[in-house]
1. If residue B:32 meets every condition in (1) modelled with pLDDT of 95 or more; (2) more than 9 Å from every other protein chain (Cβ to nearest Cβ); (3) out of contact with any helix residue (DSSP H, G or I) (no Cβ under 7 Å at 6 or more places or on another chain) apart from one, which number is that one?
2. Check residue A:88 against each of (1) touching a residue at least 12 places away in the same chain (Cβ under 8 Å); (2) out of contact with any helix residue (DSSP H, G or I) (no Cβ under 6 Å at 6 or more places or on another chain) and name the one condition it does not meet.
3. Just to be sure before I move on: is residue A:58 outside any loop (DSSP other than H, G, I, E, B) and modelled with pLDDT under 65 in the structure I sent?
4. Restrict the check to segment A:105-121 and report whether at least one residue is within 25 Å of residue A:156 (Cα to Cα) and either modelled with pLDDT under 55 or more than 10 Å from chain B (Cβ to nearest Cβ) (or both).
């Protein structure tokens with residue numbers, strides 16, 4: 001974060017009608033909102049929709065944020081509820097919406113090097129996608145956005161201890177999948 | 001290194017990858033990684049995952065901001081119901097003040113059973129027996145009325 005203003009300070013200003021503070025909060029948390037939704041929905045378009053709808057609901061109701069939990073935890077709980085609602089509506093549980101068709105890259109050029117790195121990242125995400133839901137979410141939330149195990153537990157609806165166990169099982173499983181590739 | 005110490009380091013590898021550790025702790029973990037190939041492999045995986053994390057689509061923040069801002073006018077309108085309730089009370093108060101004659105008849109208005117009495121039904125002037133019709137008032141007019149009586 002290049003701005004040292006805390007979430008609580010921005011929330012306080014946003015509640016007072018400071019649109020700039022509201023904008024900063026949105027910019028600061030759009031990424032984690034998208035990734036939380038993606039972890040649940042596994043489709044980038046649907047994740048963007050769920051993140052958008054969830055964030056709009058949360059920021060409209062910002063007066064109701066009392067600071068009992070961290071702002072990010074509060075926000076991603078709302079976004080994850082939105083994503084789960086969308087999942088129930090669509091009636092899908094284990095489909096992957098990730099596009100796996102990519103052109104082959106020649107790593108000898110800079111542009112292709114970037115593409116090769118992108119493909120490696122994509123390959124890792126596809127392996128992550130093979131994990132059971134709670135392990136996948138625990139790993140992605142912890143690794144992508146540095147969420148604490150307590151925050152992870154709030155999203156995957158389990159205890160902090162269970163979130164930690166799911167994370168480590170997920171990492172171990174990923175390493176097994178990588179060694180088979 | 002004890003098992004507990006090693007477990008704690010594994011817990012904190014994502015924090016090292018994202019740069020969220022204090023410098024002293026970060027150095028301790030880097031040192032541990034340098035001496036432990038298994039920790040090194042796990043950190044490499046976590047670092048690759050972190051650096052390749054999905055990015056939100058362009059324009060998502062703008063769409064969220066637009067959606068939040070769009071809601072603002074609707075939030076203003078929701079105060080219409082208590083405003084309308086207050087307006088009804090004002091009308092009731094106005095009516096009570098109007099009815100100050102004996103026998104429950106308004107001052108200056110002949111009894112209803114008087115066949116010669118002029119009609120009290122509304123004309124096109126928007127008034128009923130001198131009182132304003134609620135339905136003809138805009139939210140702004142009601143608000144101004146309430147301000148006038150100190151609500």
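1. (3)
2. It is condition (1) that residue A:88 fails.
3. So residue A:58 does not fit the description; no.
4. No, the conditions are met nowhere in segment A:105-121.
The values are calculated or read from the model by the stated rules, or taken from the named source; none is laboratory data. A quick note: this is a predicted structure, and the numbers were derived from the prediction, not measured. All Cβ positions, glycine included, derive from the backbone under ideal geometry; neighbour counts span all protein chains shown.
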